[in-house]
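Here is the structure we will look at, set down as structure tokens.
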Number of protein chains: 2
Amino acid sequence: MINPIFEIIGLSAAFLTTSAFIPQVYKIYKDKNADGISLTMYIILFIGVLLWLIYGVLIGSVSIIIANGITALLQLSIIIFKLKN
Amino acid sequence: MINPIFEIIGLSAAFLTTSAFIPQVYKIYKDKNADGISLTMYIILFIGVLLWLIYGVLIGSVSIIIANGITALLQLSIIIFKLKN
């Protein structure tokens, strides 16, 4: 178990770096357009985020699990949108 | 100390998610143009990445320290470019 005070810092970090990603998802769904998005880059990022998620589970870090779990879902929604359009 | 095998997974994650960010920095410096970049978003991301860096030091995670140290430098170079132009 990681010190809960450390997790407050980690969760603040997670909130800032994950929420910065939401406007991109919103823009793609609003415009119904993902032409400016590189599918290759998103797939590489998605694999990286899944590895972070596994790492978070292995070291028992709630902050890493939450941040990368949410980011993985956001990225997956972009990848699915891109593949369907 | 975190299990070195876990750190191999973490460092692989760090490599994938950090290197995905490099083409953006390269594009800005090549085009000498950062008009498409939101300064506010980058400052929020930068604060988030600094918090991840502190979290990495607190829990003793080499992967988190390396990933967010490099990302912080890349983001800082974009913020400085944006402020000077």
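The values are calculated or read from the model by the stated rules, or taken from the named source; none is laboratory data. Quick caveat: nothing in here was measured; it's all calculated off a predicted structure. For neighbour counting, all protein chains shown are included, and Cβ atoms are generated from backbone atoms with ideal geometry for every residue, glycine included. Note: areas computed on protein heavy atoms with side chains; ligands, DNA, RNA excluded. Shrake-Rupley method; radii C 1.70, N 1.55, O 1.52, S 1.80 Å.
Miscellaneous remarks
- Annotation: chain B has a Kirkwood hydrodynamic radius of 13.7 angstrom, from the mean reciprocal C-alpha pair distance.
- For the stretch B:36-85, the solvent-accessible area with a 1.4 angstrom probe is 48 square angstrom per residue.
- Sorted from closest to farthest, the other copies place their A:M41 label points 1.0 nm away, with each point set 7 Å from Cα along Cα→Cβ.
- Inter-copy label distances for B:V62: 2.8 nm (label point placed 7 Å from Cα along Cα→Cβ; shortest first).
- Just the protein heavy atoms count here, and of the accessible area of the stretch A:4-84 at 1.4 Å, carbon and sulfur take up 76 percent.
- Interface size B-A, as summed buried accessible area [1.4 Å probe, Å², nearest 100]: 2300
- Helices meeting the span-like rule in chain B (full DSSP H runs, Cα extent of at least 18 Å along the helix axis, mean Kyte-Doolittle score of 1.0 or higher): B:4-19, B:39-59, B:62-84.
- Contact residues in the stretch A:28-45 by the 30 Å² criterion (accessible area, 1.4 Å probe, full protein complex versus chain alone): A:M41, A:I44, A:L45.
- Whichever lysines have a C-alpha closer than 25 Å to that of A:K30, once near sequence neighbours (fewer than 8 apart) are set aside: A:K82, A:K84
- Shortest-first nm distances, A:S77 label point to equivalent points in other copies (7 Å, Cα→Cβ): 3.2
- Length gained when the stretch B:F81-B:I5 is fully extended (0.36 nm per residue, less Cα-Cα span): 23.5 nm
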